[in-house]
Structures are given as structure tokens and as C-alpha cells.
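Have a look at the structure below, then the notes.
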């Protein structure tokens, strides 16, 4: 699916807008959120632009996240085991029919909506790096 860069920025901002502010919960006191920083590499290169979210693995509690820029992110997340989703966009090097640069979400579903990534957030400063691959795994012999 192709998008112009203006749409890409709105899509990433829209994704972040649905994430409650760090520490929000549906009921009771707000949980303490701890610093989580790190890098996101794709095929050995820093992910230029994207978003990262941390969703409670048990489905209880708030979703935390923020932007990825030049392969780095810096967010605050409540402790516990999380499902991690990473979304990335890349420029296609082509101009669309509207005269604007085209871009595409390029990360495999196993990192985005159907994420297989998990992380455990400890009650301290956390450093988590993710090395992703867009290469298809060979069923090789």
C-alpha cells in the first residue's frame, strides 16, 4: 500500500494519538512508568521513521509508546511483560500522481499488528534493542 509522506506523518501521529498518555489506566491509581530506551534496526540499518508500542501481554492495563527516529526511541512504560509492535515507513523514491513523494509501510506483520515481539519491563531504567529482518526465512534444506 502506498502513501504520500504527508499521510505517513498523519498515520504515525494517529497511531500515537490512540495510545493513552504514559501511566493511564482504566481504573484505580496510575501505575508507575519506567524509562525504556533503545534502538530499532531493520536489516542492519537504523529504522529512519516509525512508531513503537508496548501492550500488556495479559491485556490488562494501558498501552504505551512513542515515535522512532533515526533508529532510536525513548518512552516510559509500566512494568510487566509486554507485546511490542513496531511500525515503519520508507520512501519509495517515486512521485505519486498527486506530485508528492510516495512511501510504504514495509515491516512484516510479525512485527506490527500480528507481533511476535515481547519484552519484560523492569522497575528501573530499561534498554531494549530490536533487530528486525524484512528477509523471508528460507525453509531450506
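The values are calculated or read from the model by the stated rules, or taken from the named source; none is laboratory data. Note that the coordinates shown come from a computational prediction; the quantities given were computed from them, not determined experimentally. All Cβ positions, glycine included, derive from the backbone under ideal geometry; neighbour counts span all protein chains shown.
So which residues in region 75-105 are loosely packed, with under 13 Cβ neighbours inside 10 Å and either in contact (Cβ under 8 Å) with a residue 40 or more places away in the chain or closer than 25 Å to residue 120 by Cβ (or both), if there are any at all? 81, 98 - these are the residues of region 75-105 that are loosely packed, with under 13 Cβ neighbours inside 10 Å and either in contact (Cβ under 8 Å) with a residue 40 or more places away in the chain or closer than 25 Å to residue 120 by Cβ (or both). Hey, any hits in region 30-50 for a residue that's part of a strand (DSSP E or B), farther than 19 Å from residue 124 by Cβ, modelled with pLDDT under 95 and within 16 Å of the chain's Cα centre (by Cα)? Yes, that holds for at least one residue.
Being within 15 Å of residue 111 (Cα to Cα) and surrounded by 22 or more Cβ atoms within 10 Å (Cβ to Cβ) is the filter; apply it to region 52-66 and report the residue that is nearest to the chain's Cα centre (by Cα). It comes out as 52. Counting only strands (runs of 3 or more DSSP E) that sit wholly inside region 51-128, those with at least 1 residues that are on the phi > 0 side of the Ramachandran plot and at pLDDT below 95 are 80-95. Report the residue count in region 129-141 for those that are within 16 Å of residue 47 (Cα to Cα) and outside any strand (DSSP E or B). So the count comes out to 4.
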